[in-house]
Amino acid sequence: MTTMQTFPDIEPTALADSDKVLANLTLAVPGVTRTFDVHDPATGRTIAQVPDFDVQQALAAVARADEAGRSWAATTTRHRADILRAWYDLIRSNSEIIALLITREMGKPLAEARAEVSYGADFVRWYAEEAVRPAGNLRDAPTGGARLLTRRAPVGLSVLITPWNFPLAMATRKIAPALAAGCPVVIKPAPNTPLTTIFAVQLAVAAGVPEDLVQVVTTTDAPAFSTAVLSDPRVRKVSFTGSTAVGKVLLHLAADNVLKSSMELGGNAPLLVFDDADLERAVEGAFAAKMRNGGQSCIAANRILVQDGIADAFVDALADRLAAVRVGHGLAPGVDLGPVIDHRAVSRLSGLVEDATRRGAHLLTGGSAPSHPGSFFEPTLLDHVPADADLARTEIFGPVAAIQRFSHQDQAVTRANDTEYGLAGYVFTENLDRAFNVADQLATGLVGINQGVPSNAAAPFGGVKQSGLGREGGQEGLEEYEEIRYYNLSLR
Ligand code: NAD
């Protein structure tokens, strides 16, 4: 079912402003002569060329970070906090430039890019504040005769590998705690979206972060990069956000070098709507959980499970909400949904919709790719999706909402947990007992209760099962870059 979309024109001033931002970027790295192209996914056009590091150049970056890290680890936490705070201020004062970069390289509408700048900046402010909080403790030995003292120390050189879906936030939520803890950093952004990271790190240097402390390594050969860099003895930590398949490869490499590892991997989030939910709240929450970032979020509502009594009203209201979504270039006024990241994603989404309809799902709106340059997919709604459809079993990562219906709470919880993933879950109900009972039973790292956008820099974000290891955000996110030392003080 194709509802023909007319694409609104790009706002000329925003386009000119973003072209100026792109032209003013400093991208060249001394000694790295090969480059690769970065594209605007809404047009397919090349917008920049960035250095393509080979393995030797990546290892030279490791050496520079390692050298700079020695004095950084010895700085006071107040010093690090002040610099992080200055970085936060610079991100805020450059927020429009960063938002334009995000939209041009990743495609999301400018309003969403601005929201990402706030969210991404929040991690820097949070870890500026968290850097100086007391760490470690003192306890008495249970048998007497000693005081047991713990303190935190930086884990060491940290390799950070980020995906393309939140080009700023995925970088800041790793870099900020690493710097706060006293670690040097090598960061490899996704090759589709390196520009935001490069610019954000330049702002960090302008804020006082020592020049070599954070090395941005852009490369098209990620496997060669990770094989060489993660086996380097100077590296002590890897933090990865991306697909579960790549996370497993990195965990194997990390095992050989016994690296402290944080893995933020894929998801297959269930969103449960009970008969006693507030309909409007549930529709708005489901819309946000599904459509934020064009559905290209690891916590996107992948399976929307709706109880029979509210299902018809919920589906009608969600269909209306999706039908009103305006698709187009992220710089066009009034656009709510930009492109998906590339043409491969478009074919994957088409395949998922076809598979689901072949198995009996009802296609209510959208379902195909509009005929327009760039990689777009219509906002799509399918009802009665069978639990064994690929749509229900794999990560959709696009603007396709898949509804399943259920009659009993136990059935919904069993189905929600029937996945190898365990990142986010959502519960919509006005019954407080049910809200907590169901949240407790969901095998996920986080749960949005009557809430479709649960991420917060102050809270620990991360998954269970094959969705990953470790947490980002909150106090817990800092511990990922620390190791604990323990001293035993003998008492006479
Ligand atoms: P991806 O796994 O393909 O790539 C992520 C990053 O890993 C990119 O920088 C890529 O270049 C790099 N990479 C790929 N192969 C590599 C290798 N062998 N060695 C080292 N690096 C390698 O994922 P993607 O398509 O960019 O992002 C989408 C995935 O990320 C989804 O599965 C999504 O759920 C997940 N994600 C998870 C979270 C989370 O917090 N759990 C957040 C955002 C995205």
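The values are calculated or read from the model by the stated rules, or taken from the named source; none is laboratory data. No experiment lies behind these values; they were computed from the predicted model shown. With ideal geometry, Cβ positions are generated from the backbone for all residues, glycine too; neighbour counts draw on all protein chains shown.
The table that follows gives values for the structure above.
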read-out	value
Some residue of the range 272-285 being surrounded by 20 or more Cβ atoms within 10 Å (Cβ to Cβ) and near the ligand (Cβ under 10 Å from one of its atoms)	no
Residues of the range 231-251 classified as in contact with a strand residue (DSSP E or B) (Cβ under 6 Å, 6 or more places away or on another chain), near the ligand (Cβ under 9 Å from one of its atoms) and not β-branched (Val, Ile, Thr), total	3
Qualifying residue in the range 197-212 (condition: within 16 Å of the ligand (Cβ to nearest atom) and more than 24 Å from Val38 (Cβ to Cβ))	no
Members of the range 148-180 that are away from the ligand (no atom under 14 Å from the Cβ), more than 25 Å from Ser93 (Cα to Cα) and of a type outside the set (D, E, K, R)	Leu148, Leu149, Thr150, Ala153, Pro154, Val155, Gly156, Leu157, Ser158
Cross-chain or 6+ apart pairs with Cβ under 6 Å, the range 234-249 first and closer than 13 Å to Ser158 by Cβ, then modelled with pLDDT of 95 or more and of a type in the set (Lys, Arg)	Lys237/Lys260; Ser239/Lys174
Any hit, the range 324-332, residues being without any contact (Cβ under 8 Å) to a residue 60 or more places away in the chain, in a helix (DSSP H, G or I) and either assigned by the TED database to the domain that holds Phe166 or loosely packed, with under 15 Cβ neighbours inside 10 Å (or both)	no
Residue under evaluation Ala254, criteria (1) assigned to a loop (DSSP other than H, G, I, E, B); (2) within 16 Å of the ligand (Cβ to nearest atom); (3) small (Gly, Ala, Ser), criterion not met	(1)
Strands (runs of 3 or more DSSP E) completely within the range 374-492 that count 3 or more residues being over 19 Å from Ala282 (Cα atoms)	482-490
Residues that are within 15 Å of the ligand (Cβ to nearest atom) and in a loop (DSSP other than H, G, I, E, B), drawn from the range 257-271	Asn257, Leu259, Leu265, Gly266, Gly267, Asn268
Qualifying residue in the range 304-319 (condition: small (Gly, Ala, Ser) and touching a Gly at 6+ places or on another chain (Cβ under 9 Å))	no
